[in-house]
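Visitor: First the structure, then my questions, so here it is.
The values are calculated or read from the model by the stated rules, or taken from the named source; none is laboratory data. Since the structure is predicted, the reported quantities are computational estimates derived from the model, not experimental observations. Glycine gets a Cβ as well: all are built from the backbone with ideal geometry, and neighbour counts include every protein chain shown.
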């Protein structure tokens, strides 16, 4: 038991569900790093908050993904028979070796540096089109009218999903995000989510038949044809992998663009510097990832007893929350003002894309889209100002941190 476990009638040391936490999690992280870096939270998980410790857990093979164990503990073992949970369990994001290695080996070929760089003209076109649509209006929501467009267009282009079919995936995507947030489903919500997954599976069954008859130069065809050591994706694995790419390919990048723009406008000197020096955009995106990451934590489960963390034993089967966003502001990893935004920062290694075997496949694509989006916006609308930087409208989520809206005008 953590030395900081609190009585039931007092405020817990770590409460990611409180409104104050959602508005500003970083002061809570700092307190946790100083007081109890391996903290047994009231809800039963060990919370790891320091950079070195988070990196250790992400790399150490004694920790695996906790999706099935966590889901069964919350709902009972029968939950994995539900269509939504079965669907999510087939993704590489939530699986361990050898299944993870087989799935990732088949998908990774789609994200080579050459293929990502070849997307640059299309990303630029989508960004310019989004700006053109609002330029004469004098105002927009930087989330819905701007940040949303590049990642959704690009991932759907990659997958070969026609524009008229793209809305089909948003509701199913929200269900996937809800699972990642560990938010509870009512029986009615679960039944609806199961139906959505089945609708998506049926859609892709038809698409696979089309691609078998007429292969295209798209990621869906490539994944269907991919083979690694004699292994191919089943249709269920293929659909789960595509939906994972859709969720990861748009949700996190939308948040990264929005969070980066808010961070800049909350720090006018940094905004002025980037306007003057757009060549700094690469290091600026690295700093946005460190300072206000889209993904705040990732979960693991101890596959055996682990004694290595601050003289505490994490028992086999225990859930572990790795606070990526806390690690990114750890004074030991970033001794030079980690609570400040500095787009010229060098040194340190942010953990926003995870680590170990689960390091994000789409990291380079997310960076490229964010670089193009922000540099283009600042160049084309130099008078842009965000209407409310003090109390922005954050989504009520803990895992994926992003803004509901971000009104701006010029």
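Visitor: If the requirement is being in contact (Cβ under 8 Å) with a residue 40 or more places away in the chain, in contact with a helix residue (DSSP H, G or I) (Cβ under 6 Å, 6 or more places away or on another chain) and either over 30 Å from residue 65 (Cα atoms) or not in a helix (DSSP H, G or I) (or both), which of these qualifies: 370, 376?
Guide: Being in contact (Cβ under 8 Å) with a residue 40 or more places away in the chain, in contact with a helix residue (DSSP H, G or I) (Cβ under 6 Å, 6 or more places away or on another chain) and either over 30 Å from residue 65 (Cα atoms) or not in a helix (DSSP H, G or I) (or both) holds for just one of 370, 376, which is 376.
Visitor: State whether one or more residues within region 113-136 are touching a strand residue (DSSP E or B) at 6+ places or on another chain (Cβ under 6 Å) and modelled with pLDDT of 95 or more.
Guide: Within region 113-136 (the criterion being touching a strand residue (DSSP E or B) at 6+ places or on another chain (Cβ under 6 Å) and modelled with pLDDT of 95 or more), the answer is yes, since at least one residue qualifies.
Visitor: Follow-up. So which helices (runs of 4 or more DSSP H) stay within region 196-287 end to end and still have 2 or more residues that are under 27 Å from residue 358 (Cα atoms)?
Guide: Filter on region 196-287 gives 219-225, 235-266.
Visitor: Could you list all residues from region 298-314 that are without any contact (Cβ under 8 Å) to a residue 12 or more places away in the chain, assigned to a loop (DSSP other than H, G, I, E, B) and on the phi < 0 side of the Ramachandran plot?
Guide: 305
Visitor: Oh, and also: I'd like to check which helices (runs of 4 or more DSSP H) are fully inside region 8-80 and have at least 1 residues that are over 30 Å from residue 390 (Cα atoms) and touching a strand residue (DSSP E or B) at 6+ places or on another chain (Cβ under 7 Å).
Guide: Helices (runs of 4 or more DSSP H) meeting the threshold: 51-59, 67-75.
Visitor: Scan (1) touching a strand residue (DSSP E or B) at 6+ places or on another chain (Cβ under 8 Å); (2) modelled with pLDDT of 95 or more; (3) part of a loop (DSSP other than H, G, I, E, B) for the single condition residue 317 breaks and write down its number.
Guide: The number of the failed condition is (2).
Visitor: Select the helices (runs of 4 or more DSSP H) contained entirely in region 85-176, then report the ones holding at least 1 residues which are within 17 Å of the chain's Cα centre (by Cα) and crowded, with 21+ Cβ neighbours inside 10 Å.
Guide: It comes to 149-159.
Visitor: Continuing with the same structure: Give region 61-76 a look and list any residue that's over 18 Å from residue 175 (Cα atoms), in contact with a helix residue (DSSP H, G or I) (Cβ under 9 Å, 6 or more places away or on another chain) and exposed (fewer than 15 other Cβ atoms within 10 Å of the Cβ), or say none.
Guide: If the condition is that a residue be over 18 Å from residue 175 (Cα atoms), in contact with a helix residue (DSSP H, G or I) (Cβ under 9 Å, 6 or more places away or on another chain) and exposed (fewer than 15 other Cβ atoms within 10 Å of the Cβ), then 61 is the only one that fits.
Visitor: Say whether the condition of being over 12 Å from residue 103 (Cβ atoms) and without any contact (Cβ under 8 Å) to a residue 60 or more places away in the chain is met by at least one residue in region 247-262.
Guide: No, there is no match, as no residue in region 247-262 is over 12 Å from residue 103 (Cβ atoms) and without any contact (Cβ under 8 Å) to a residue 60 or more places away in the chain.
Visitor: Which of the following residues is crowded, with 19+ Cβ neighbours inside 10 Å and within 19 Å of the chain's Cα centre (by Cα): 233, 256?
Guide: Residue meeting the stated conditions: 256.
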